[in-house]
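Heads up, the thing below is written out as structure tokens.
Readers should treat all values here as calculations from the given coordinates under stated rules, not as data from a laboratory. Quick caveat, the model's predicted, so the values are computed rather than measured. Ideal geometry is used to build each Cβ from the backbone, glycine not excepted, and the neighbour counts take in all protein chains shown.
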Amino acid sequence: MNLTDQEKIMLSSVAEKVKKYSSRIYPELPEGENSSFSREMDTDFLGEEVCKEYDFSTPVEFRKRMEEIWERRGVVEMKSFSVPAAVALFKNKPENGSRIRKSDGKISEYIYEF
Amino acid sequence: MNILGISALYHDSAACLIRNGEIIAAAQEERFSRIRHDRNLPLSAIEYCLREGKIGKEELDCIVFYDDPFLALDRFCANLAEEAPENHLLLEKSFHSFFGDKLWIHEQLKGIFGEKPGRYGKLLTVPHHFSHAASAFYPSPFEEAAVLTVDGVGEWATTCIFSGEKDGKIKLLRQMNYPHSLGLLYSAITYFCGFKVNSGEYKLMGLAPYGKPVYKDLIRENLVSIKEDGSFTLNMEYFSFQNSTVMCGEKMETLFGGKCRERESNLTQREMDIASSIQCVTEEILLKLAKTAKEITGKKNLTLAGGVALNCVANGKLRESGIFDRIWVQPASGDAGGALGAALYASIHKFQEKRVWKKGQDAQKGSYLGPEYTTEEIRKYLDKEGAIYKVMEEKDLLQYAAKRLAEGAAAGLFRNRMEFGPRALGARSIIADPRRKDAQSKVNMKIKFRESFRPFAPAVLAEKVQEYFDTNGDIADSYMLFTAPVAEKRRLPFDLEKSLSDFEEDMLKVSSVPRSDIPAVTHVDYSARIQCVDGKWNPFFYELLKEFERQTSCAVLVNTSFNVRGEPIVNTPEDAYICFMTTGLDFLIMENCVLEKSEQKEFTGKDRRKQYELD
Ligand SMILES: [Fe+2]
């Protein structure tokens, strides 16, 4: 088992826990009959200023940004993702000198890439 | 300020340079790498944008990414939890793309720009739908407008309504979130009908007029529940895109009473009817969303972006509805256009630059935002290849080209800066005489090597549009993003149902029955995806239409993209020459050079057709 596999297992078990304890993992739909627009929008997730600086160099900085979003979304249970996500992230950090990850560039024919 | 916008790592990577709010250059990476929908970091497109802007990396003020990776990761984690414990496929599929790629966008960019990306020093991100919205509103000809963005999914958002204000600001007013997505619904049906997700949606739209919307109620009752305000929820029991390697499965097959269509197999009445039905549902949702947008913004005009805004049939219906006075659609409405929107959004919202806006004009520059080549550069290449060509004065070239087209020859047209967005608008186009009955099948089968049911678009002299189509023509019609009916007086009697039964073994042969005096551009429902050409940004194309009209009394040409099936549109003289030499094109115009196929020696270079997977 390589390190990345371990992280996948960790993420998976956190996901199970979160599912158990959180009633609203996805942004809420309104309760009313007349509309399915969400109560929550990008400006709720990110604050009024949605154009943000993107930068982190340590796991702590990364976790801070993610936890901010989870607090804003009111899904504090999701904070348990922050450690395994940070570990997975830093284990897969592109090396200096080989920073640009080139794939075959192709997108899947069967599923929307997201 | 010089601001570079980047979209990458999902699909349709692209780069765009804006300077003091003006669009200087924009191009999609696939055109350079020759990988369709290339998702890699757009290194070549970035390099091109800087070259076009005549600046070095160090002169960039800021770099902006079109998506918020943190918010996207939030959605991924939530998706993992939602699907737990059966989330292994999702994890397998997306783990690396998040943790090894997207989230490291800032580190990867250091590989190009060094430790400080631009003078600002930090990479900026703009959320996906804000990028789409900015790409719709800022280049539009409207001082203020409602903005509707609809796609598969960004981070969370799938559909948004914004208000674009006089002061240049964009305000988010409504949002629908993943997994409730019109783009994903349309893609799932595209997949079910045996077309590729992310590229076959356009074919499904082209197929719709052959069918009847007999599954419309079935779709509305089972797959999507639509509210009066245009918002909706998907019934997730039918979709598997959340945690699978396919878009939908058995349950969808039961609903439509049969298996998914196999890729490349014969199309049947069922697919045509499904295509027609999903088109109806799409239009219903968009019309309702537009009404809501009108109500809550109070604006007279509407702008659109996001992949769903490339549905020119729905755009035509929106216009016809009269909900808004005018509508403008971003020509690069897919994710490539996010690069443009992200840069514009940061320019105005972050750096308080003024929106570049002139009354009565749009700021998209005809969408001719890519590379161009001089006649000298082209000659150098052609000499190296030993190609036989003539160099003509423009006036002679126009006369010659119009004459050859009128004789029935099909031409590759390579002039001007390459288009930004999926449609070819006369800079990288294949053109032909639309009056000829055989033009559609000739270009489809001998040149593009693709199915014959897909209609071609007409390029028409802007001042003559009403003679051919039931529409007034608008700046927004410069981009082939709206359909309009062929004028009554040009139509020929045509009974679709009878024709379909005549050709029962291969229903698509129906397309060979002429429906008007410009048959190659008239769809089976008499609609056409028009491009009005006014000469402002591509004078040669305008003059060519005029000369063709002088010689033939027809002010319309067939205009389709210069590529073979599955190939990105040609970008360089080399791409154009190879495509010309390995297809049934009769002649090729590259700036002032003209090549006749019959005069060329045998082509011994590499036939690239094999390298492209069918789309
Ligand atoms: Fe998008």
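Odds and ends about this structure:
- 20 °C / 1.002 mPa s Stokes-Einstein diffusion coefficient of the protein assembly as shown, Kirkwood radius on C-alpha pairs, µm²/s: 82 µm²/s
- Ranked from largest, the principal axis spans of the Cα set of the stretch B:548-615 equal 41, 30, 19 Å.
- The residues neighbouring B:A146, those whose beta-carbon lies less than 12 Å from its own, together hold a net charge of +3 under the Lys/Arg +1, Asp/Glu -1 convention.
- Placing unit charges on the Cβ atoms only, positive for Lys and Arg and negative for Asp and Glu, gives the protein assembly as shown a dipole magnitude near 820 debye about its Cα centre.
- Each Lys and Arg adds +1 at its Cβ and each Asp and Glu adds -1 at its Cβ; summed about the Cα centre, the stretch B:270-408 shows a dipole of about 700 debye.
- Size check on the stretch B:455-536: the Cα extents along the three principal axes, sorted descending, read 47, 22, 14 Å.
- Dimensions (Å) - the stretch A:5-91, Cα atoms, principal axes, largest first: 46, 33, 17
- Restricting the calculation to Cα atoms, the stretch B:141-331 shows an Rg/Rh of 0.98 when the hydrodynamic-style radius is the Kirkwood one.
- Cα convex hull volume per residue for the stretch A:51-114 (Å³): 157 Å³
- In chain A, the longest principal axis of the Cα atoms and the axis of helix A:3-21 are about 10 degrees apart.
- Computed over the stretch B:1-81, Kirkwood Rh from alpha-carbon pairs, angstrom: 13.4 Å
- Whole-number Å³ per residue for the convex hull built on Cα positions in the stretch B:514-556: 68 Å³
- Value in Å of the Kirkwood radius, where the stretch B:317-458 supplies the Cα pairs that are averaged: 18.9 Å
- Diffusion coefficient (Stokes-Einstein, Kirkwood radius over C-alpha pairs, 37 °C, 0.692 mPa s) for the stretch B:152-254: 217 µm²/s, rounded to a whole number.
- Loop trypsin sites (Lys or Arg not before Pro), the stretch A:23-114, which have at most 13 other Cβ atoms in a 10 Å radius of their Cβ (DSSP): A:R24, A:R39, A:K102
- Once the C-beta distance of B:K359 and B:R51 is scaled by a Förster radius of 30 Å, the resulting FRET efficiency is 0.40 to the nearest 0.05.
- Within the shell defined by Cβ-Cβ distances under 9 Å, the residues around A:V50 carry a net charge of -3, with Lys and Arg each +1 and Asp and Glu each -1.
- Around B:R608: net Lys/Arg minus Asp/Glu count, Cβ-Cβ under 13 Å: +1
- Long-range lysine pairs (8 or more apart or interchain), the stretch B:398-524, Cα under 15 Å: 5
- Averaging 1/r over every pair of different alpha carbons in the stretch B:57-124 and inverting the result gives a Kirkwood radius of 13.5 Å.
- DSSP-defined antiparallel bridges as percent of all bridges, chain B, nearest 5: 70 percent
- Convex hull volume of chain B per residue (C-alpha atoms, cubic angstrom): 144 Å³
- Our compactness index for the stretch B:512-600, the C-alpha radius of gyration over the empirical 2.2 N^0.38 Å, is 1.24.
- Taking 7 Å steps out from each Cα toward its Cβ at A:K91 and B:E599 produces label points 6.5 nm apart.
- Order of B:W104, B:W328 - criterion: other Cβ atoms within 10 Å of each residue's Cβ, fewest first: B:W104, B:W328
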